[in-house]
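Taking it in order: structure first as structure tokens, then the write-up.
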Amino acid sequence: GRGMQNFIEMLHRGGVTTALDMGVGLFGDAAAEAALIRHSAESAQAPSRIILTPIITYFLHQGMTPAEAEAQIDEWRASNSRRVMIEDHFKLMMDGAIFSGLAQMGFPGYMDGHSGVWMAPLETTARWARHFWDAGYQLHAHTNGDASAEALIDIVRQLQARAPRPDHRTALEHFAYATEDQSRQMRALGMVVSANPYYHYILSDIYAERWLGPDRAGQMVRLGSLERLGVPFTLHSDCPMAPLEPLTLAWAATNRVTINNQRSGQRERVSLDAAMRAITIDAAWVIGREDDLGSIRAGKRADFTVLEQDPWKAGAEGLRDIGIWGTVFEGELAPLD
């Protein structure tokens, strides 16, 4: 409970009014976890909403079938509140974490010869994806390496061929390393990306030295390609993997400077406009809430962040230094203390 109170305060101080929690059930009892999150947010009258996303690994550990999992999610949804809710999102797990070097990398693989891992057999992942695709859910997939991106693209290609959905917005989550060809394929298939640009900042140098070499490591989180190709993307922190500060993420995406002050993969920088869209209206698009969130317009929920400085005047290099004055959540003013 204290941890959730801290998290809610972090959301506010980062200027975040909507968060998509990408793994309810990670701590063993999904119903209790959701109830605790809801109690924390509602009792604190948090100036933010948290959308909970059920995750495949929870149901696999429970020995459930996809149909049983969908029925369970329907039961959880009955407890939705103003600030904490479950919508039609479902999380798949493809490969291992980028921090541990367990992402699935394509040829030539890791320089030291080790291999990544699959979080579940690909045939199992494909079967669960097919069920929730048919049920109309938006699929999100934890995907780090280019071999994993290839596997996810193949799953979506098969789903589209079998039961076409023109606006499915299957989201590749993290986007640590993928090829430009894969970005083109994602555009053709109608996929979107939720990326952690901090991976390049914190990991590119060590990956260049130990695991991928400078050419591939310098291309981690290649968002510039997505901007040029017109693939919708948002930026996330995967907190605590990166600071829960959207402006810091925008700074990382627009500058591509590593922790050792090296500039690599500069062609994969994004414009300031694209970075600001990625934490506002394009973020709303990626989670399917562009009709009521992400911009200021009549009929929307009046969520926005009040900044101490205009980002376009601060410029790309000054983004992470901009102070947060407070937020407005559904029209209610919430200044920082």
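The values are calculated or read from the model by the stated rules, or taken from the named source; none is laboratory data. Owing to the predicted nature of the structure, the values given are computational and were not obtained by experimental measurement. For neighbour counting, all protein chains shown are included, and Cβ atoms are generated from backbone atoms with ideal geometry for every residue, glycine included. Please note that ligands, DNA and RNA were not included when accessible areas were found on the heavy atoms of the full protein model with its side chains. Shrake-Rupley method; radii C 1.70, N 1.55, O 1.52, S 1.80 Å.
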Among the residues of the stretch 120-129, which ones are assigned to a helix (DSSP H, G or I) and either without any contact (Cβ under 8 Å) to a residue 12 or more places away in the chain or not basic (Lys, Arg) (or both)? Leu122, Glu123, Thr124, Thr125, Ala126, Trp128, Ala129
Matching residues, the stretch 187-224, being surrounded by fewer than 23 Cβ atoms within 10 Å (Cβ to Cβ), under 17 Å from Ala141 (Cα atoms) and among the aliphatic types (A, V, I, L, M): Leu189
Return the residue satisfying two criteria in turn: it lies in the stretch 302-319 and is surrounded by 17 or more Cβ atoms within 10 Å (Cβ to Cβ) and not hydrophobic (A, V, I, L, M, F, W, C), and of such residues it is farthest from the chain's Cα centre (by Cα). Pro311
Identify, from the list Asp273, Asp292, the residue that is assigned to a loop (DSSP other than H, G, I, E, B), among the charged types (D, E, K, R) and open to solvent by 10 Å² or more (accessible area, probe 1.4 Å). Asp292
Out of the stretch 106-119, which residues are exposed (fewer than 12 other Cβ atoms within 10 Å of the Cβ) and touching a residue at least 40 places away in the same chain (Cβ under 8 Å)? Asp112
Return a yes/no flag: does the stretch 28-40 have any residue that is touching a residue at least 12 places away in the same chain (Cβ under 8 Å) and farther than 28 Å from Ile8 by Cα. no
When the residues of the stretch 232-261 are narrowed to those that are open to solvent by 10 Å² or more (accessible area, probe 1.4 Å) and among the charged types (D, E, K, R), which ends up farthest from the chain's Cα centre (by Cα)? Glu245
